[in-house]
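To start, the structure itself, in structure tokens.
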Amino acid sequence: MFVLPTIISVLGIVLFYGDIINIYGLQGILIAHVILNAPLVTRVLIQSLDDISPNEKSLAKQMGLSHLGFFLASEWPIIKKNIPSLFVLVSFICFVSFTPILILGGGPKYSTIEVAIYQSVIFLNNYNQAVILLMIQILICCSIFIFFFKSFKNNNFLLDDRRRNINNNSYSFKYLFDYLLIFVFTIFIFSPVFYIIIKGINDKFILVIQSKFFFSSLITTLKISFFSGLLALILTYGNLEFVQRSKNKRELWFYLLIIFSPAIIAVGYYIFINEFLRLNIPSIIIVIVINTIFILPFSYNYLSPSYFRVSQEHLNLSESINLYGFKKFMIVDLNRLKRPLITTFCISSILSSSDLVIISFFGTNDLSTLTQTIYRLLGNYRIEEARALSLLFLAYCLLYFIIPRYILGRIYKDAPFN
């Protein structure tokens, strides 16, 4: 859900919860951000609970601790330790949120600085106001980042596929409450997506598939996704090589990029290129570059655990035979890191394809992504077409994850997955 295009989740929330409550306004914004951030929080907490050793679990079993007793003695201290960091992380993500606010805000009353910057440039053409808001947002983001960075670099915030929560408990009625809680949580989080799947196949579905705007948006999205993901992967790997060979492993500068939200970067490019340099750079190149800058901290955060683990295994041998750079990548890292590399590429690509703010600054009628096209359809009250296109976008994201893994598996049949 965290890497799922936000426009799909928000549209699903509008369609599903809109019949139950008044989804526009503060209540809708809160529901959307809970649904969007809950999977990330869950992933971090589960990964944190992996730190409980098997010996500790065996000791608790020998002592006859109940499920509640084990939770209070072992699990709760770990969860409690992560609560402040998770609170700041989610607050930071919500602070720079754009798409949910733009769709669910319902007016200026519930606007954020991010949306206000966008409105100042696009609708008011007031660059002075946009720059002032931009500086305020950077100042606030810097303050949050300084407080949060050490926690962000905690191992529990580095998403690692190798760290899996192994539960040896057999299915039992004593865990019935847990199963019920998980079921309710799943329904709450995934019901908007299920609703998109159900309602996406409608009378307009075939019409959307045959439409010119669908193919145009699909090709543009594919170009931006592929090149942003590839460029982010190359820069991330290059930085990891630099950090590994550097005596002072300073990763701070790489994570500093998280301060600059898409709106901040887009406004900077928009004003600097259009108003000062007046350069005629193709918009798609600008969109790819800005998307790459924005997703670098996420790609680095995902790839770094696997990279450093493999690097520790082969560092001495690689140095002894003078194996560096591209040659080391082809002989060692490509084979051992193929799954993290392809997953990082896919996540980076999907994150870039789901962006709405950057393409809103530089997009045109001829340059529109699937995300922007869905937003335009909603703005024109073409709800059925927006549902159908959202379903196609969801299928695109799933295929984007499946196809590269399949191709990689065919190429490296005999190589062990890392």
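Side notes on the structure shown:
- A count restricted to region 205-229 and to residues that are over 28 Å from the mean Cα position of the chain (by Cα) and surrounded by fewer than 16 Cβ atoms within 10 Å (Cβ to Cβ) stands at 4.
- Checked against the criteria, Ile136 does not count as among the β-branched types (Val, Ile, Thr), surrounded by 16 or more Cβ atoms within 10 Å (Cβ to Cβ) and modelled with pLDDT of 85 or more.
- Selected residue (only one of Thr99, Thr112 is surrounded by 15 or more Cβ atoms within 10 Å (Cβ to Cβ) and in contact (Cβ under 8 Å) with a residue 24 or more places away in the chain): Thr99
- Across region 117-130, not a single residue is classified as modelled with pLDDT under 75 and not in a helix (DSSP H, G or I).
- A single entry from Asn274, Asn202 fulfils the requirement of being assigned to a loop (DSSP other than H, G, I, E, B), over 25 Å from the mean Cα position of the chain (by Cα) and not hydrophobic (A, V, I, L, M, F, W, C): Asn202.
- Here Asn125 meets the list (1) over 25 Å from the mean Cα position of the chain (by Cα); (2) at negative phi; (3) of a type outside the set (A, V, I, L, M, F, W, C) almost entirely, failing just condition (2).
- Checked against the criterion of being loosely packed, with under 13 Cβ neighbours inside 10 Å, modelled with pLDDT under 85 and assigned to a loop (DSSP other than H, G, I, E, B), the candidates Gly69, Gly64 yield just one match: Gly64.
- Looking only at region 230-260, residues that are within 18 Å of the chain's Cα centre (by Cα) and at pLDDT below 80 come to 7 in all.
- Restricting region 372-395 to residues that are of a type outside the set (Gly, Ala, Ser) and touching a Pro at 6+ places or on another chain (Cβ under 9 Å), the residue that is farthest from Phe215 (Cα to Cα): Leu394
- Remark: pairs (first residue in region 40-53, part of a helix (DSSP H, G or I) and at pLDDT below 75; second residue surrounded by 15 or more Cβ atoms within 10 Å (Cβ to Cβ) and among the aliphatic types (A, V, I, L, M); Cβ separation under 6 Å; 6+ apart in sequence or on different chains) = Ser48/Ile78.
The values are calculated or read from the model by the stated rules, or taken from the named source; none is laboratory data. Only a predicted model underlies this, so the values are computations on that prediction, with no experimental measurement involved. Positions of Cβ are generated from backbone atoms using ideal geometry, with glycine treated the same way; all protein chains shown enter the neighbour counts.
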